[in-house]
Structures are given as structure tokens and as C-alpha cells.
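This report refers to the structure that appears directly beneath it.
The values are calculated or read from the model by the stated rules, or taken from the named source; none is laboratory data. Given the structure is predicted, the values throughout are model-derived calculations rather than measurements. When we count neighbours, we look across all protein chains shown, and the Cβ atoms used for this are built from the backbone with ideal geometry, even at glycine. Protein only, heavy atoms only, side chains kept; ligands, DNA and RNA dropped before computing areas. Shrake-Rupley method; radii C 1.70, N 1.55, O 1.52, S 1.80 Å.
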Amino acid sequence: MPFKLVPLWTDAALWALFAALAWYAWRVARQPQLRANWLLAARDGATMGAGAVLALFMLISALDSVHFRRVLPQAPGQATGAVFYDTRTSSLLDLVLARPLAMREASYSAPLATHALIKQNFERDGATVREVPRLAFGGAHLDEPERDWRPDVARRALAGLVAGLLATALLSVWLALAVARGREPWPTTWRAIVAGRTRLPWRVLLLTLGIVALLIGPVVALAGHYHVLGTDRTGNDVLVQSLKSVRTAFVIGTLSTLATVPLALVLGVLAGYFKGWVDEGVQYLYTLLTSVPNVLLIAACVLMLQVYIDTHAELFDTGLERADLKMFLLCIILGLTGWSTLCRLVRAETLKLSELEFVQAAEAFGVSHARTMWRHIVPNVMHLVLITTVLNFSDLILYEAVLTYVGVGVDPTLNSFGGMINLARTEMSEEPLVWWSFAAAFGFMLALVLAANLFADGVRDAFDPRARAFRPQRPVHKPV
């Protein structure tokens, strides 16, 4: 094989999560009640659009979660059959971004620039002159940058917009065919989607994907010849850093949340169901945990793990495996130190459910405590678990940025929004001002967190009966 797969801890966890989501989707398709709740969520346009954006970020994370090392070419004198692998670990996303990754400059450059940002000394006609040099890759195809740059950028951006419009048109036709399913002519369904006269807000989905296509088109058209979001201090493309930081944010948000759920759910149900000394013990645990400053507790755990990793370097073949294990353990720490809020909610809901008639009837018929909790309590608190976990997803993304900013987050060798912001704090105070790294991290984090919050609001309204009762009703049109 021309490559060797590198299984990372976070890769295995993410693909296990994707498999669990596929299983849950299959379960939703088979259970009418779950399917009805998710259809309620899908009828909200903001939820539909936010779900599409989250799916796009999930796709980027999936592409960046298949890692491998390439086989090195046969060297002179190398023994027959001996295979050596590159020390650098790549991913499928690196293959997609191969051209921007190869366009590494010497230092800073502004977005879509043809010259570097910082002046350098050059010898010219026996004299030393100080001027900004041409970039090695950005705009290198232009003979006269001052004359050709503006028309070239406009032409490539326009071509990307046309490609985005064409992709949107093809997507709209495919969506009309999928919604019609042969029951009526697809042009009729297409007109209903555009007019918003469908049972589900397909128009919002189409509009969201169309905007994404119109953004991606010009970026793809320009990225092969320019640095669309500029470069950082070491000349690396900021767009590549932003895209690769999506996986880090997604890992921190999902794995930390999933590490929280089992402990919070079990302790919350036990405390609310058995009451008495069990309830007092659980309350003592989460009261003690919340009394310790969270950042200090996480920092202490991370520093202890860092000492262990540094003293056992022989356990790792590459630096990426070392950094990945640190991030995986950081997710575990965030989960084990952040379960108290969800535990409180589950305990309160269980206290209420344990006094209802159907639970008391199960106890009267001699049903065991374990079966009562599993069959009657847990399904009725899952809406709280689902809502809280989706809301915590966005909080943890912002939390990672804060932890990395103070130096106890992910490894500096990994791309992350917190690392980009940390480096940008000095760049924002320099002259000339370097603003694009901070702006890129802010923009991508805003899109990811906003999509997660909007999606969480829709899920809460669909799964929480009290929120559903006060939700504004969407105008009803003739369904298609």
C-alpha cells in the first residue's frame, strides 16, 4: 500500500460517534414518536438551515479524521522489501487542500495579496533598498501585479460565483425530484419549494446551501493562485488553519459532551429515584465539584497529564499522535468536571417523575427498580439530556478557545481557534496591523456556534412539551 493508516484516539471516537448517529437515525425511522418529534424540529426553518451548516462542518471533521502516512520513495542502497514512511501525518482533508498547503510563504501576507506585508532589505545597483517582496505563490502568475491583479481577482471570483449558481440550480432540481418522488411533476414541486408552500421548509434549506455554494465557489476559484484569508507569521495559509481548526472544535464539543452524559444521567436518576442518603451523597458530590474553580481544576489535570506524556515520549511514533492523545484526555477531563449541571436537571426531573402514576403503578406490580428506571424514568428525561448536550456543544467550543488562550488547552502543534486567537493577540497590537487571523477564527467560530445554538433551540422546542406549547405556529400551506 502507498500509505499506512494512523489510528488516532479522537479519530476512533469521532467515527464511533458517526456510527452512533447512523444507528440513531435508523431508530428514529422505526419509531413513530421519535420521528414525529424530529419532524417538528425540521418544520422550523432556522433549525433546518442550522442543521445543514452543522452537517457541512461535520463533513469537514470527517475528512480530517482519516489520517495516514505516505510511503517514502525507494532510496539508493535501500534493502529490497524495506518500507519507510514519512514522519508527517496527513488526512483526507489535506489531500483536498493540497494546493493551499503547498503555497507556503516566508511570512505575513494580507488576504488576496501579491506582495508580503513586511519590508525586507535588497541589494540593487550596489545600494541597499527596503521594500516589500513579491510572494512566492500568491499572485505569482501575474506579470504586472499593479495592472493585472484587480481584473484577475474579479474574473476568478465571477467564475466561482457562476459555478456556485450552477451548483445551486442543480441542487434545487435534485431536491425537487427527491421531494416529488414521482407523485407529481418535479417542476410543480420546484415551484412549491421556491414559494415556500411545502410541509417542511425546503426553501430555507435550499437558500442556506445556495449561500454556502456562492461562498465556496469564489474561494475555490481563488485559492489556487492567492491566499484568500492571507498567511500567518510562518507563511501558512490562514484558510487552511481555519478549516483544520473545525475538527478540533468539533472534537472538543462532542467528545467532552458525551463524556459528561453517562455520569450525569446515572447519578441524576439514582438520586431522584431513591432519594434519601443516595440523593444526599450525589448532591454532596456535585456541590463539592462546583465549589472548586473549574479552570484551576482542569489546568491541574492537564498539567499532570502533560508531565506523563513528556516523560513517556517512546509511546508515540509521531508528534501528531502525542498531541492527539492530549486532546482526547482533555475531552475526558472536561466531561468529568462538567457533569454537575446536567445531573441537577436530571435529578429534579426524576424527582417529579417518580411521583407520577405510571411509575407508582410499575412499583405496585413488583417491577424491579432497575427496570423501572430504565423503562419509565430514562426515556422521559432524555429530552433534557438531548437539549443540554446540544447547548453544551457550543459552550465547550468557546471554552476550548479560552483554555488554549491561557495555555492549558490543546497542543500548540494542532490547529485550533483558541491557538489562532492566542497568536493574534500580539499581531493585533503590531504595526502594520495583522487582523485576518483573528477575523478568520472569529468568523468560523461564529458560524459553528450560531448554527449549534439555532439547532439546539429547534430541538428544545420539539422535544420539550412546555416549550412546544408556547412556540409560535408556522403558517400552514397546502402540503407538498
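Descriptive notes on the structure:
- Karplus 3J(HN,Hα) series, Hz, for the stretch 318-324 with 6.51 cos²θ - 1.76 cosθ + 1.60 (x for Gly, Pro): 10, x, 5, 5, 5, 5, 5
- Each peptide in 383-392, 360-369 gets a packing score, the mean of other Cβ atoms within 10 Å over its residues, and the list from highest to lowest is 383-392, 360-369.
- Inter-part distance where the stretch 378-457 and the stretch 151-177 are each reduced to a Cα centre, Å: 30
- For the stretch 349-361, the Karplus equation 6.51 cos²θ - 1.76 cosθ + 1.60, evaluated at θ = phi - 60°, returns couplings of 5, 5, 4, 6, 5, 5, 9, 7, 5, 5, 6, 5, 5 Hz by residue, with Gly and Pro reported as x.
- In this structure, the amide hydrogen of Phe3, modeled 1.01 Å from its nitrogen in the peptide plane, lies closer than 5 angstrom to those of Val71, counting only residues at least 5 positions away or on a different chain.
- Placed amide H near Asp411: partners under 5 Å, 5+ positions off or other chain: Met327
- Stretching Arg425 away from Arg183 to a fully extended chain increases their span by 81.3 nm, per 0.36 nm per residue minus the current alpha-carbon distance.
- Positive-pole candidate from Leu325, Leu448, Ala25, dipole of the chain, charges at beta carbon: Ala25
- Between Leu158 and Ile118, the contour length at 0.36 nm per residue exceeds the Cα-Cα span by 11.4 nm.
- Listed values [x] 33.0; [y] 26.6; [z] 20.5 include one computed from this model; for mean projected area of the Cα convex hull in nm² that value carries the label [x].
- As a rough guide to protection, the peptides 294-301, 446-453 ranked by mean Cβ packing within 10 Å, highest first, stand as 446-453, 294-301.
- Each listed q (0.17, 0.19, 0.28 Å⁻¹) maps to a log10 I(q)/I(0) for the stretch 203-252, found by the Debye formula over equal Cα scatterers with no solvent: -0.68, -0.79, -0.99.
- Farthest positive-ward along the chain dipole, Cα basis, beta-carbon charges - from Ala462, Met373, Ser437: Ala462
- Ligands, DNA and RNA are left out, and with a 1.4 angstrom probe the accessible area of the chain is 53 Å² per residue.
- Reported to the nearest whole Å, the Cα centre-to-centre distance from the stretch 1-78 to the stretch 249-294 is 27.
- Per-residue packing, averaged as other Cβ atoms within 10 Å, sorts the ranges 148-161, 117-130 into the order 148-161, 117-130, beginning with the highest.
- Cα centroid separation - the stretch 120-149 against the stretch 186-224, whole Å: 42
- Bridging of Lys244 to aspartates and glutamates at a Cα separation below 19 Å is possible for Asp11, Asp64, Asp94, Glu105, Asp232, Glu321, Asp324, Glu400, Asp411, once same-chain residues fewer than 8 apart are set aside.
- Between Arg233 and Val292, the simple spin-label model (points 7 angstrom out along Cα→Cβ) gives 3.4 nm.
- With both labels modelled 7 Å from their Cα along Cα-to-Cβ, the Arg104 to Asp148 distance reads 2.7 nm.
- Charge dipole of the chain about the Cα centre (unit charges at C-beta), most positive-ward option of Val359, Leu206, Thr188: Thr188
- Computed over the chain, the per-residue total of -39500 (n - 2.57) for DSSP H runs of n ≥ 4 gives a 222 nm mean residue ellipticity of -22000 deg cm²/dmol, rounded to 500.
- Computed FRET value (nearest 0.05) for Ala348 with Ala300, which takes r as the C-beta separation and R₀ as 25 Å: 0.25
- Bridge type composition, the chain - antiparallel percent by DSSP, nearest 5: 100
- Amide H contacts of Tyr85 (H built 1.01 Å from N, in plane; Pro and chain starts excluded): Leu72 sit under 5 Å, all sequence-distant by 5 or more or on other chains.
- Stretch gain in nm, segment Leu171-Arg88, where the contour uses 0.36 nm per residue and the Cα spacing is subtracted: 26.1 nm
- Spacing of the modelled spin labels on Arg199 and Val307, each 7 Å from Cα toward Cβ, amounts to 6.1 nm.
- Only Lys, Arg (+1) and Asp, Glu (-1) charged, at Cβ; the stretch 30-151 dipole about Cα centre in debye: 580
- FRET efficiency, 1/(1 + (r/R0)^6) with R0 45 Å, evaluated for Leu59 and Tyr284 via beta carbons: 0.55
- In order along the stretch 293-304, phi translates into HN-Hα couplings of x, 4, 5, 5, 5, 5, 4, 5, 5, 5, 5, 5 Hz, rounded to whole numbers, per the Karplus curve 6.51 cos²θ - 1.76 cosθ + 1.60 with θ = phi - 60° and x for Gly and Pro.
- Rounded percent of accessible protein surface that carbon and sulfur make up, the chain, 1.4 Å probe: 67
- A Förster radius of 51 Å, combined with the Cβ-Cβ distance separating His369 from Ile216, puts the computed FRET efficiency at roughly 0.40.
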